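This report refers to the structure that appears directly beneath it.
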Amino acid sequence: MSLVSILSNPAAMTVQSNLGKSQGIMEKVIGHITSGVAVDSAAASPAAFAIATKIKSTIGVLEQVSRNAAQAISVANVAAGGYTQLNNILSKMKNLAAQVINPALGPNEKAFAQQEFAKLLEQVDKTANDTKFNGVALLKGNGGTVTSFGAVNAAVTGSTACGSFTGNLTATMSQGYIGGVVKDATVTDTGVANQYKFTITLESSGGVQQTFSAVSATPAAGNVVFRSESSDLNILTLETDAAIGANASAIQSEMRTAFGIANGTYATIAMESTAFNGGVTSINSAMGVAAGDFVLRSNTDGNVSLIESSGRAYTIANVANGAQTLSFSNGLTVDLNGTFVQTTAITPIAFHVSAGSDSTLTFQIGETSSDTLDIDVAIATASALGLSGLEISTVTTAQTALTTLTDAITNVTAALATLGAEQSQLSFVSSNLETIIENLTTALGSFQDADIAKEMTQFTKQQVLQQAGIAMLVQANQIPQSLLRLIQS
């Protein structure tokens, strides 16, 4: 039998306890309904919460790799467009080569065809350079290897003693890029007594020609300083062994004989091997850098210049002292260590960048590190396609060009076919990722989503219980009052 007391009210306490429970359940139900999530913490259901968390993580990764796949398709589309344009250019060049092999064409018509052919050859490299995605040239391949470091000093090899040049020719390269085969040499009068204009044409290994000229007022033995007509930074000093004659034609004949131009042996100016200096620790080539020969040098004014074999210079001004990486606009980078001093010149360093290789672009297309897909982009520069120096000025060269261009078109078509296969694969990868994301999202709902109908039923139940509890609490609180009336009576 329960104790009847005015000091305690068990009935009211029971009602209060039930009201608290009902209130807690209602708060959870309201949270489930407003968020749409039933399992919002590990306390709700440890197993379901763990599975839902893992699924959400997977969905997040797959959504990102789905974007990766879409971007990979975009990259492949850009590269494919470049290959298609190259095929059009190469086909036109092949038509011009076939056109020249025609006795009905006169010298003028053949010259016009060669002129157009040369412009199209230039466009091959321009197309490879301009086919970019986010600033990266896709068809120029990976950066080539930087090799053949040399001081800008060298001897002339393959020369012959003649006239003023009683010994073999010697030369000093004081600055810039000089090396190559001596393809031509001329001497002309300037109209001033004992003053001549000397011109020497050098051709680098890449077929790029550079013309050096000098005006000398000293016909005696000594040095004639030549300056490149492409860049003031490229200077060549030719050493003569005897007094130069007073007849431009005779001097030219001697020079052409000395350089082996007269008999077609062609002397070569090659660079001597040396180490880095002036704080230079390495020179690096990146994807998209064209192959070629370069010289790195600096003055004491803090300007560091990179010079191509064509004479074109890239300069970074006001380079600070100390360790740093210089990034030139053509894609080459130069690492300087802490010994670099702005007021101390870098002794000119010559180097060669080899042709880049085919590039492979790797995209993450899955959740694990092994879930990747490669986009293979074959290098398609003129040199890589074997087109360097190609011309159609004669029937013989046009016939050679036909064969070379046929091979080039085959290579570009093969690259386009490979890219097409990868584009097809990417489209299925993208579609599959979308399907997986959709199914995982559905699965996630089964573990964490709130059943709104069930939650509303629970909400209504607890709401009724709360209303009933409040009514009963009022009644329970009246029990002590009843006891007081009993005492009073």
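Scanning segment 395-435 for residues that are in contact (Cβ under 8 Å) with a residue 24 or more places away in the chain, of a type in the set (V, I, T) and surrounded by fewer than 16 Cβ atoms within 10 Å (Cβ to Cβ) yields V395, T406, T413. Looking across I470, I487, one residue alone is more than 15 Å from A38 (Cα to Cα), at pLDDT below 80 and either surrounded by fewer than 14 Cβ atoms within 10 Å (Cβ to Cβ) or not assigned by TED's automatic domain parsing to the domain that holds A76 (or both). It is I487.
Could you please let me know if V65 is assigned to a helix (DSSP H, G or I), under 30 Å from T441 (Cα atoms), of a type in the set (V, I, T) and in contact with a Gly (Cβ under 8 Å, 6 or more places away or on another chain)? For V65, the condition - assigned to a helix (DSSP H, G or I), under 30 Å from T441 (Cα atoms), of a type in the set (V, I, T) and in contact with a Gly (Cβ under 8 Å, 6 or more places away or on another chain) - is met.
For segment 378-415, enumerate the residues that are farther than 18 Å from Q123 by Cβ, outside any helix (DSSP H, G or I) and either modelled with pLDDT of 90 or more or not hydroxyl-bearing (S, T, Y) (or both). Residue satisfying the conditions is A378 alone. Among the numbered conditions (1) among the aliphatic types (A, V, I, L, M); (2) part of a loop (DSSP other than H, G, I, E, B); (3) modelled with pLDDT of 60 or more, the only one that A220 does not meet is (3).
Condition check for L465 on (1) surrounded by fewer than 15 Cβ atoms within 10 Å (Cβ to Cβ); (2) over 30 Å from Q64 (Cβ atoms): one failure, at (1).
Per-residue answers, yes or no, for (1) touching a His at 6+ places or on another chain (Cβ under 7 Å); (2) crowded, with 16+ Cβ neighbours inside 10 Å; (3) closer than 30 Å to A471 by Cβ:
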position: S8; (1), (2), (3): no, no, yes
position: K54; (1), (2), (3): no, no, no
position: Q64; (1), (2), (3): no, no, no
position: A76; (1), (2), (3): no, yes, no
position: A80; (1), (2), (3): no, yes, no
position: Q85; (1), (2), (3): no, yes, no
position: A97; (1), (2), (3): no, yes, no
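The values are calculated or read from the model by the stated rules, or taken from the named source; none is laboratory data. Just so it is clear, the model here is predicted, and its values are computed rather than measured. Positions of Cβ are generated from backbone atoms using ideal geometry, with glycine treated the same way; all protein chains shown enter the neighbour counts.
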